[in-house]
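These notes concern the structure reproduced below.
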Amino acid sequence: MLAKELSARGAIPVVLPLVSFADPEDFAPLDRAIEEIQQFDWIILTSAQAVRAVVKRGEELERSLMRSGSKLRIASVGPVTAEAARQAGLPVEYVAETHTGAALAEELGDRLQGAKVFLPRSDRANPDLPPALKRRGAQVTEVIAYRTLKPTDVDQRNLRQIAEGAADAVLFFSPSAVQHFAELFGGEQLRALQDKLAITAVGPVTANVLRQAGVGRTVLAGDTTAAAVVNALEKHFAGTVKRAPAGTKRA
């Protein structure tokens, strides 16, 4: 969807996958949570991949996640995740206004008091969410629904082109993408890129990881929607063109 939106605005998107996904090493905790799904009051979904992993495993176990008369409610960290859940037939009751897990916990507030929460996540998920839920009185069952890995086959040609300044912007959608890029590209080169192009963080969590990696100048998309990403880039490049001397090439 984002690539389509960028193309419609005249940009040339180049997709460079920096994360891949795999099953958990041990399915037992996830299977147990799915088998006992009716004991929970909430499912907290923090990514589209978490949706896919839980739904896929439920189908393999021949267990429905939602049953008639169920008390189970579903909350999502953002609209992209919510849309993935709805497409999978899961009714989402609440979507966070600020697209981070910790913000979702604060927004749900007293609704979490005494609630049993099922939290299926990546093995490399941000650690802030479980304690935030517990501070609100939730009983949290966190399980690894999938693993986040560095891809084994990265398009080296596209990677070299980025290093040589062929791109105007690079977009990071997750902390794992930043970490894997730094491993493939080199931390020093990642920091040097901020002088050549617009390093764009999709969401505040990813922006924080970029800062920790030494990238001080980033374009921040306030949330994870395609519209927010496009608006942030348009605002950045409009300002760049306005500041640049006549005849300067935008880079």
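The values are calculated or read from the model by the stated rules, or taken from the named source; none is laboratory data. Everything quoted here is computed from the prediction, not taken from an experiment. Methodologically, a virtual Cβ is constructed for each residue, glycine included, from the backbone with ideal geometry; neighbour enumeration extends over all protein chains shown.
What to note about this one:
- Listed by first and then second residue, the pairs with beta-carbon distance under 8 Å, at least 6 apart or on different chains, first residue in the stretch 123-148 and outside the structural domain of S176 (by TED's automatic domain parsing) and without any contact (Cβ under 8 Å) to a residue 24 or more places away in the chain, second surrounded by 19 or more Cβ atoms within 10 Å (Cβ to Cβ) and in a helix (DSSP H, G or I), are V140/P130; V140/L133; E142/P130.
- Flag for V140 being surrounded by 18 or more Cβ atoms within 10 Å (Cβ to Cβ) and assigned to a helix (DSSP H, G or I): no
- Helices (runs of 4 or more DSSP H) (entirely within the stretch 1-116) containing at least 3 residues that are surrounded by 16 or more Cβ atoms within 10 Å (Cβ to Cβ), assigned by TED's automatic domain parsing to the domain that holds T200 and touching a Leu at 6+ places or on another chain (Cβ under 7 Å): none
- All conditions in (1) without any contact (Cβ under 8 Å) to a residue 24 or more places away in the chain; (2) part of a loop (DSSP other than H, G, I, E, B) hold for G165, with the sole exception of (1).
- For A201, the criteria (1) over 21 Å from the mean Cα position of the chain (by Cα); (2) of a type in the set (A, V, I, L, M, F, W, C); (3) within 30 Å of A82 (Cα to Cα) hold in every case but one, which is (1).
- Matching residues in the stretch 9-68 - criterion: being in contact with a strand residue (DSSP E or B) (Cβ under 9 Å, 6 or more places away or on another chain) and among the hydroxyl-bearing types (S, T, Y): S20, T46, S47
- Residue in the stretch 237-244 that is among the hydrophobic types (A, V, I, L, M, F, W, C), over 21 Å from the mean Cα position of the chain (by Cα) and assigned to a loop (DSSP other than H, G, I, E, B) present: yes
- The number of residues in the stretch 143-160 that are loosely packed, with under 15 Cβ neighbours inside 10 Å and modelled with pLDDT of 95 or more comes to 0.
- Enumeration of residues in the stretch 224-236 that are touching a helix residue (DSSP H, G or I) at 6+ places or on another chain (Cβ under 8 Å) and either modelled with pLDDT under 90 or not in a helix (DSSP H, G or I) (or both): T224, T225, A226, A227
- Scanning the stretch 213-241 for residues that are surrounded by fewer than 14 Cβ atoms within 10 Å (Cβ to Cβ), farther than 22 Å from A192 by Cβ and not basic (K, R) yields A227, N231, E234, A238, V241.
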